[in-house]
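Asks: Attaching a single structure in structure tokens format; questions to follow.
The values are calculated or read from the model by the stated rules, or taken from the named source; none is laboratory data. Values in this document were obtained by computation on a predicted structure and should not be read as measured data. Here the Cβ positions follow ideal geometry from the backbone for every residue, glycine too, while neighbour counts run over all protein chains shown.
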Amino acid sequence: MSLDKATVAHIATLARIKIPDSDLEHLAGELSQILGWIEQLGEVDTTGVEPMTGVVQMDLPRRADVVTDGNIRDKVLANAPEPAHGFFTVPKVVE
Amino acid sequence: MAALTDLTMAAALDALSKGEFSARELTEAHIAAVEAARPLNAFITETPDRALAMAEASDTRRRNGEASPMEGLPIAIKDLFCTEGVLTTAGSHILDGFTPPYESTVTTNLWRAGAVMLGKVNMDEFAMGSSNMTSYYGKVENPWRRKGNNRPLVPGGSSGGSATAVAARVALGATGTDTGGSIRQPAAFCGIVGLKPTYGRCSRWGIVAFASSLDQAGPMTRTVRDAAIMLGAMAGHDPKDSTSVNRPVPDYKAALTGDIRGLKVGIPTEYRVDGMPAEIERLWAQGIEWLKAAGAEPVEISLPHTKYALPTYYIIAPAEASSNLARYDGVRFGLREPGDSLDAMYEATRAAGFGTEVKRRVLIGTYVLSAGYYDAYYLKAQRLRSLIARDFTQAFEDVDVILTPSTPNTAFAAGEKMDDPVAMYLNDVFTVPVNLAGLPGISVPAGLSEDGLPLGLQLIGRAFDEETVLKVGEVLETAANFTARPGHQSA
Amino acid sequence: MTETNGSIIEGRTGPWEIVLGLEVHAQVVSNAKLFSGAATEFGAEPNTQVSLVDAAMPGMLPVINDVCVEQAVKTGLGLKAQINKRSVFDRKNYFYADLPAGYQISQYLQPIVGEGTIILDLPDGRTREVGITRLHLEQDAGKSLHDQHPTKTYVDLNRCGVALMEIVSEPDMRSAEEAAAYLRKLRSILRYLGTCDGNMEQGSLRCDVNVSVRRPGEPYGTRCEIKNVNSIRFVSQAIEYEARRQVELLEEGGTVVQETRLFDSGRGVTRSMRSKEHAHDYRYFPDPDLLPLEFDDAYIERIRATMPELPDAKKARFIADYGLSAYDAGVLVAEQETAAYYEALVEGEGGKTRDPKMAANWVIGELFGALNRAGRTIQDSPVSSAELGGLLDLIADDTISGRIAKDVFADMVETGKPAGEIVEAKGLRQVTDSGAIDSMIDEVLSRNADKVAEYKAGKDKLFGFFVGQVMKATGGKANPKLLNERLREKLQ
Ligand SMILES: [Mg+2]
Ligand SMILES: [Zn+2]
């Protein structure tokens, strides 16, 4: 699979990473090379093989419905770039 | 007596218990070593004050007869572990100034076991790399040099700061994390022991996530025994991690009996890869001979899907990473670059905050999960992962442990291989399958290359059978009698 | 302008059918969040009910809340749905200010609950079945406040991570009325089960409506999704507006674009959400921080054993046992508390039972009216079922008439006093002494001899006049049945 500049620009938007136009060509080449190499997986017939999402074979542990956390606003906001009045802030969103 | 920084953990514990020196003295010697080793750039954050305070507290406990299994041992912590009140960066610009108000479970366990923190060590950004060249905080130097050549070499990665700190006698041990080989490969490059435990053995809580289904913390030490001591402290069930497995932590030291008679050692045919240097082939053969001499029985095995492990990994790991790294968005912590809309702020922050390799992997990961490509890439990779894991399951019906080289090459110079991402990825060809299958693996220093660089052998075990891995590892270690030292060391 | 006629819109060019499917987000009743130990309570100070997990701090991991799983299973059972013993949590990836991790943990391909059904009770007493496609568990997002600062949006993560059940219906509804009935019924079931409090104002029940139109018998048209409509009334308004908009668009030769729209309740219109226009690609994949959620039949049966009698069963029972109309039964079972009040009223105390139809009329008529006027719920009704029962007993034993009883009830609401006390204090006891009634009749007839003559000449209507006069003379307390009997006799 060879990626073109437009596709790279699109996935960069999905991933919210600004890529200068001047870098798109080079990046498209690099990503295409990696994907080309990955595509050797196509050689393997995986019909009927279950996809493996993880290695741990056990029941999902469940916790009790008890409030054990919260009331730590200072900790939650301690590293925030621009907190205000107990809120996180971001540039204004227009809906 | 040897320099304090040259001791193994086991020897240091012995001496501490005999009162030959205090934890404070041991720590002071290591703090001096940290300072002396600054040119290697192994540390992102040095915490000497905290180290001394912890050492003193340790001395007090020991005086009160409350010595724990790692009481008073100074270690380094990979900067991927969140440490309360101490800058935690994951080697990335995007975590600028991030000081966690919490402590990872593994480091909590280590402090409870009496260990002393020297500081936070450098690493590839977000643990993505095999060279330690991708850190925002600059590259780390391998303390080893090629014979007659002073060109700086990479320590491997991503736990390169950890490997360098341990190899250069700056720390008695260090934590590492291993997603595709990030403990074992730098351990091999730096001539130390690196153990990746079974997935689920050490809690992932409080460790900055790279690829959640593969990440696993483990010890990096100078001896197999030390790895056993340190793993014992790190491991354990954690209810805060849903993938943490609830089984008792055995006494790993007790497994080091030296008796491997009758043990079947698998030798996978598929690990004889094209272009592997003859000296690595020879070392592998030597390893087989050593184990045979100790009474084990080598068995040829097949792991037929080995060659697909790397491309499988390079779908799964970036896919998970693309999602795991979405939280670095300039809103709640770390770097924020201004933007006049929310999206502009995100895009500017993530463009400035992530390095080239991280961006590359996030983009690949985004792509393979995106509409129309999921089945062809991600789902395909998950099916391959099943086959790779099944290969191991089948092999372990016949053998108790598997022996392979740790890496297909020795440490390379900074700048070599940098232009070709795929060539760089090939560093992990022997380690990646183990992560995909979630098995324990250890790299043990077993010899030197012709140009004088360390070479490692890898042992792979059954799930939760770290004991066999450690036991056979120690037999290899004894047989190899690896006494070479890096040129750059504090002692 | 087109006109809506039930489920059919008569357009300029012919009839159109509305096709509706609903996606409801129901907040699970639990103490703590789905994947963290922070509290779920409504209305706390910003960011005080936030754990490090909710804020998606580096290295934080989710651990699932057992009760949230139980609540989802219970709701699935309440919807007579397939319970999936193995389900999978996926990550739904997108960037937004109130989504700290950059992904929502949700369920995509393998939800915890599969297909089910819900029976709508329509206002005319008819019922109609609507298919449930699925129910899955997922995390709520935080809240963005856009009006606190000229250039900034403020973010509060208190709701972030609260468990939601997303309940998706089949596109089986054909009118705003049916959509409203669906929401009422779903809310009723959820509240019976105690799995969601159903409070739309506080956002514990939120509705996305998929609206499309088609010519009757044709395949489905292109649909628009109207997001987050927060009252049943608005759902009806949004549907009416949106369906007409689509019909007009199509009749003008235009095409409906599949998009997300917002309902502007102030103006009663839907409009395109421009900010969400660029195509979403959620890149769902199984969350590697979690394992598949698995349980066995015994687990499901344990939950089933805790299920209350649900509205449909209760309604059927009320009709069968109490002889109620489908409509009355439907109204009484809509809220569990109403049904309980009604049953307590009918069943009485100490083995006493009361006339079920009369009880139903009193609850639906007088009691609901009084509660409405007082702005109170049946849980804090000023008149308990036992007290109302006391009043009904006075009617039943002819102590007072039904008409007087209404006055007594108003007094009970006002003063909180028992019916008997009011009746005694005000001397409202019915006159049942036939001698006393006879003498009052005689008096009235003699005073109105001319009318008596007219009556006897055939002006039957005057009977009511005489009744009224006698009633007036007794202060309304004459036993109506007795009065009628005696009067008729005397006029013979
Ligand atoms: Mg939806
Ligand atoms: Zn949803």
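Asks: Taking the residues in the stretch C:25-66 that are buried (at least 24 other Cβ atoms within 10 Å of the Cβ) and within 16 Å of ligand 2 (Cβ to nearest atom) as candidates, determine which candidate is farthest from C:Cys196 (Cα to Cα).
Replies: The selected residue is C:Phe35.
Asks: Checking the conditions here, which among B:Val154, B:Val208, B:Val166 is β-branched (Val, Ile, Thr) and either over 16 Å from the mean Cα position of the chain (by Cα) or over 23 Å from B:Thr407 (Cα atoms) (or both)?
Replies: After applying the criteria, what remains is B:Val208.
Asks: Which residue is nearest to the chain's Cα centre (by Cα), if the candidates are limited to the stretch C:218-258 and must be among the basic types (Lys, Arg) and either away from ligand 1 (no atom under 16 Å from the Cβ) or away from every other protein chain (no Cβ under 14 Å) (or both)?
Replies: Among those that are among the basic types (Lys, Arg) and either away from ligand 1 (no atom under 16 Å from the Cβ) or away from every other protein chain (no Cβ under 14 Å) (or both), it is C:Arg233.
Asks: Just checking, how many residues over the stretch C:111-141 are touching a residue at least 60 places away in the same chain (Cβ under 8 Å), within 14 Å of chain A (Cβ to nearest Cβ) and in contact with a Phe, Trp or Tyr (Cβ under 9 Å, 6 or more places away or on another chain)?
Replies: 1
Quick grid of which residues meet (1) touching an Asp or Glu at 6+ places or on another chain (Cβ under 8 Å); (2) free of Cβ contacts under 8 Å to residues at least 60 places away in the same chain:
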{"residue": "C:Gly253", "(1), (2)": "no, yes"}
{"residue": "C:Asp264", "(1), (2)": "no, yes"}
{"residue": "C:Leu290", "(1), (2)": "no, no"}
{"residue": "C:Ile303", "(1), (2)": "yes, no"}
{"residue": "C:Met307", "(1), (2)": "no, no"}
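Asks: Given the conditions (1) more than 18 Å from B:Arg112 (Cβ to Cβ); (2) surrounded by fewer than 20 Cβ atoms within 10 Å (Cβ to Cβ); (3) touching a residue at least 40 places away in the same chain (Cβ under 8 Å), which single one is not true for B:Leu26?
Replies: (2) is the only condition that B:Leu26 fails.
Asks: Out of the residues in the stretch C:301-321 meeting the condition of being in contact with a Phe, Trp or Tyr (Cβ under 7 Å, 6 or more places away or on another chain) and outside any helix (DSSP H, G or I), tell me which one is surrounded by the most Cβ atoms within 10 Å (Cβ to Cβ).
Replies: Looking at the filtered set, the residue picked out is C:Leu310.
Asks: For the stretch C:374-492, give me every one of the helices (runs of 4 or more DSSP H) that falls completely inside it and has 2 or more residues that are of a type in the set (D, E, K, R) and under 43 Å from the mean Cα position of the chain (by Cα).
Replies: C:385-396, C:402-415, C:419-425
Asks: Still on this model: From C:Ser175, C:Ser169, grab the single residue that is touching a residue at least 40 places away in the same chain (Cβ under 8 Å), within 16 Å of ligand 1 (Cβ to nearest atom) and either in contact with a helix residue (DSSP H, G or I) (Cβ under 9 Å, 6 or more places away or on another chain) or not assigned by TED's automatic domain parsing to the domain that holds C:Val24 (or both).
Replies: Every option except C:Ser169 fails the conditions.
Asks: Please count how many residues of the stretch B:437-449 are out of contact with any helix residue (DSSP H, G or I) (no Cβ under 6 Å at 6 or more places or on another chain) and more than 13 Å from chain A (Cβ to nearest Cβ).
Replies: Qualifying residue count for the region: 2.
Asks: Would a scan of the stretch B:319-328 turn up a residue that is more than 7 Å from every other protein chain (Cβ to nearest Cβ) and outside any helix (DSSP H, G or I)?
Replies: Yes: the stretch B:319-328 contains one or more residues that are more than 7 Å from every other protein chain (Cβ to nearest Cβ) and outside any helix (DSSP H, G or I).
Asks: Among the residues of the stretch A:44-83, how many are at the interface with chain B (Cβ under 8 Å from one of its Cβ atoms) and closer than 30 Å to B:Val368 by Cα?
Replies: Here the count works out to 13.
Asks: Residue under question is C:Leu79, and the condition is that it be surrounded by 20 or more Cβ atoms within 10 Å (Cβ to Cβ), of a type in the set (A, V, I, L, M, F, W, C) and within 16 Å of ligand 1 (Cβ to nearest atom); does it hold?
Replies: For C:Leu79, the condition - surrounded by 20 or more Cβ atoms within 10 Å (Cβ to Cβ), of a type in the set (A, V, I, L, M, F, W, C) and within 16 Å of ligand 1 (Cβ to nearest atom) - is not met.
Asks: Separate question: Among the residues of the stretch C:169-182, is there at least one that is within 14 Å of chain B (Cβ to nearest Cβ), away from ligand 2 (no atom under 16 Å from the Cβ) and outside any loop (DSSP other than H, G, I, E, B)?
Replies: no
Asks: Within the stretch B:397-436, how many residues turn out to be among the hydrophobic types (A, V, I, L, M, F, W, C), more than 14 Å from every other protein chain (Cβ to nearest Cβ) and part of a loop (DSSP other than H, G, I, E, B)?
Replies: So the answer is 5.
Asks: Kindly indicate the residue of the stretch A:12-35 that is closer than 19 Å to B:Val422 by Cβ and facing chain B (nearest Cβ under 9 Å) and also surrounded by the fewest Cβ atoms within 10 Å (Cβ to Cβ) among those meeting that condition.
Replies: Restricting to residues being closer than 19 Å to B:Val422 by Cβ and facing chain B (nearest Cβ under 9 Å), the top hit is A:Gln33.
Asks: Go through the stretch B:38-49 and give me each residue that's surrounded by fewer than 23 Cβ atoms within 10 Å (Cβ to Cβ) and either among the β-branched types (Val, Ile, Thr) or on the phi < 0 side of the Ramachandran plot (or both).
Replies: Selection gives B:Arg38, B:Pro39, B:Thr45, B:Glu46, B:Pro48, B:Asp49.
Asks: For C:Lys143, state whether it is closer than 28 Å to B:Tyr328 by Cβ and within 15 Å of ligand 2 (Cβ to nearest atom).
Replies: No.
Asks: Related question: Check off (1) closer than 21 Å to B:Tyr102 by Cβ; (2) within 16 Å of ligand 1 (Cβ to nearest atom); (3) hydroxyl-bearing (Ser, Thr, Tyr) for C:Tyr108 and give me the number that stays unchecked.
Replies: Result: C:Tyr108 fails condition (1) only.
Asks: Next up: Got a sec? Which of C:Arg184, C:Arg134 is within 16 Å of ligand 1 (Cβ to nearest atom), assigned by TED's automatic domain parsing to the domain that holds C:Glu41 and basic (Lys, Arg)?
Replies: C:Arg134
Asks: If you don't mind, there's one more thing I want to ask. B:Ala389 is checked against (1) within 14 Å of another protein chain (Cβ to nearest Cβ); (2) in contact with a Leu (Cβ under 7 Å, 6 or more places away or on another chain); (3) crowded, with 22+ Cβ neighbours inside 10 Å and fails just one. What number does that condition carry?
Replies: With (1) within 14 Å of another protein chain (Cβ to nearest Cβ); (2) in contact with a Leu (Cβ under 7 Å, 6 or more places away or on another chain); (3) crowded, with 22+ Cβ neighbours inside 10 Å applied to B:Ala389, the lone miss is (3).
Asks: So, one more: Can you give me the number of residues within the stretch B:354-376 that are of a type in the set (Ser, Thr, Tyr) and either facing chain A (nearest Cβ under 7 Å) or touching a Cys at 6+ places or on another chain (Cβ under 7 Å) (or both)?
Replies: Of the residues in the stretch B:354-376, 3 are of a type in the set (Ser, Thr, Tyr) and either facing chain A (nearest Cβ under 7 Å) or touching a Cys at 6+ places or on another chain (Cβ under 7 Å) (or both).
Asks: Here's another thing I want to ask about it. Please go through (1) more than 28 Å from B:Glu397 (Cα to Cα); (2) in contact (Cβ under 8 Å) with a residue 24 or more places away in the chain; (3) surrounded by fewer than 21 Cβ atoms within 10 Å (Cβ to Cβ) for B:Pro186 and return the number of the only condition it doesn't satisfy.
Replies: Of (1) more than 28 Å from B:Glu397 (Cα to Cα); (2) in contact (Cβ under 8 Å) with a residue 24 or more places away in the chain; (3) surrounded by fewer than 21 Cβ atoms within 10 Å (Cβ to Cβ), only one is false for B:Pro186: (3).
Asks: Still on this structure: Of the residues that sit in the stretch B:354-408 and are free of Cβ contacts under 8 Å to residues at least 12 places away in the same chain and acidic (Asp, Glu), which one is nearest to A:Lys5 (Cα to Cα)?
Replies: B:Asp375
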